[in-house]
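Inspection log for the structure reproduced underneath, given as structure tokens.
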Amino acid sequence: MNHFNINEIRAQFPILNRQVYGKPLVYFDNAATTQKPLCVIERERDYYLHENCNIHRGVHYLSHMATEAYENARKTVAKFINARKAEEIVFTRGTTESLNLLATSLGQLLVNQGDKVVVSAMEHHSNMVPWQQMLLRSKGELLVIRMDKNGVLDLNHYEELLKQKPKIVSIAHISNTLGTINPVKEMIAMAHCYGIPVIIDGAQSMAHQVIDVQDIDCDFYVFSGHKMYAPMGIGGLYGKMEWLEKMPPYQFGGEMVDKVSFEKTTFNKVPFKFEAGTPNVGAALGLETAVRFIQSIDRQEVEAYEDELLRYATERLSGIESMRFIGQAPKRNGLISFVIDGIHPYDLGTIIDKMGVAVRTGHHCAEPVMTFFGIPGTVRASFAMYNTKEEIDIFVKAVDKAAAMLR
């Protein structure tokens, strides 16, 4: 499957054929989690049927087999994002754990009393709260890059913040609430002029864009498998080796140790010193399979198709009375957030759910964004490669009907 064929793609996702409330499911909650193709489900099942074993240090056949499969998955992920070497990939439970690891470990390495960290005004809570809590302990300051009402970051303000010599910059590649694609390559270069390392939250970008960590030159890139057709509970952290080697461990015990005595413990090499305890091997193999699934389809065709869905949905929704889009950056990807004046997003989402349409409502773990726009939340429709224009038509009709009922 090299070329984009929507029918072939949809056939890989049996859940899309089910009904809810007696109506065909229209699944537009992909920014929260994508559905999983059969190949991913079968790979995880196959692991538990034929390879299940704890990895590393075991001498028997199953342990060797599972260890080799796990480390091959690491190599596949590294190649997928063009990391220099497989050891630069640390497996975690996902973006949130990766960011907590960095706030703890990189924070301990770099952030001292009164130091500063830069985030943007559109961050998910997971890329804000860990830094906030770390800075409380060091009596430091969180600096926030301003954005405008279209959801575009103010790079002049960013430059002013960099002049304050923060120790770390951590920003989203794509906003989970606004869909804004941030100019991360440019922002990384700006920070590097001041010698500041940059973390990119790639939770919303891995499934939609080709990621080349060497090209954008980020110091760290974090992501979640469940937003890129892989199982829940698996994700990763890419880090430049020079940083990973300097950083202290995040958790202790299990595979992350080298030598242990009651007097002293030494730690394993990268990446193992960041992978304490028994890993989620089956999910890691599912992640590898999801990567291969994404690679099996022409990436440019997928990106063009998803952009077409976004334009079509925006055009169709624009005809609904009192419709207001939240976030209208020139460069956007994958999702639409909106409100209808006078109607609470939760009420709207609840009614269209009864029509078979799954969307996300609320603040989307980005409460400061909602505060900025002066709203309690939005309705968010987010798209994946398996969605169709026919589904968008059903969605728009459901929104229009629900809004008429609530006015």
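Here are the numbers:
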read-out: For the stretch 74-211, share of DSSP beta bridges that run antiparallel, in % to the nearest 5; value: 15
read-out: Which of 27, 238 has the fewest Cβ neighbours within 10 Å, and the rest in rising order; value: 27, 238
read-out: Rg/Rh ratio calculated on Cα atoms of the chain (Kirkwood radius); value: 0.98
read-out: GNM flexibility winner over the chain from 325, 373, 338 (Cα, springs under 10 Å); value: 373
read-out: Packing-based exposure ordering (other Cβ within 10 Å, fewest first) of 266, 67, 289, 350; value: 266, 350, 67, 289
read-out: Alpha carbon centroid spacing (whole Å) that separates the stretch 358-374 from the stretch 29-52; value: 30
read-out: Estimated distance in nm for a label pair at residue 215 and residue 139, the labels positioned 7 Å out from Cα along Cα-to-Cβ; value: 4.6
read-out: Cross-link reach list, aspartates and glutamates versus residue 139, counting only Cα pairs under 13 Å and skipping chain neighbours closer than eight places; value: 115
read-out: Likely footprinting exposure, 243, 131, fewest C-beta neighbours within 10 Å first; value: 243, 131
read-out: FRET efficiency, residue 304 to residue 108 (Cβ-Cβ, R0 45 Å, nearest 0.05); value: 0.55
read-out: Point-to-point label distance, residue 371-residue 45, nm (Cα→Cβ direction, 7 Å offset); value: 4.7
read-out: Stretch gain in nm, segment residue 311-residue 155, where the contour uses 0.36 nm per residue and the Cα spacing is subtracted; value: 53.5 nm
read-out: Highest-MSF residue in the chain out of 334, 356, 94 [GNM, Cα springs under 10 Å]; value: 356
read-out: By average C-beta atoms within 10 angstrom, highest first, the peptides 162-172, 189-199; value: 162-172, 189-199
read-out: Of 163/185; 185/259; 23/227; 116/240, those spanning more than 30 Å from alpha-carbon to alpha-carbon; value: 185/259
read-out: Spatial separation of Cα centroids for the stretch 101-175 and the stretch 199-272, in angstrom; value: 19
read-out: Relative contact order %, the chain, counting alpha carbon pairs below 8 Å whose residues are six or more apart; value: 23
read-out: DSSP beta bridge pairing in the stretch 41-295, given as percent antiparallel to the nearest 5; value: 50
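Every number here is computed from the coordinates shown, using simple stated rules; none is lab data. Because the structure is predicted, anything quoted here is derived from the model rather than measured. Virtual Cβ from ideal backbone geometry, glycine too; neighbours counted across all protein chains shown.
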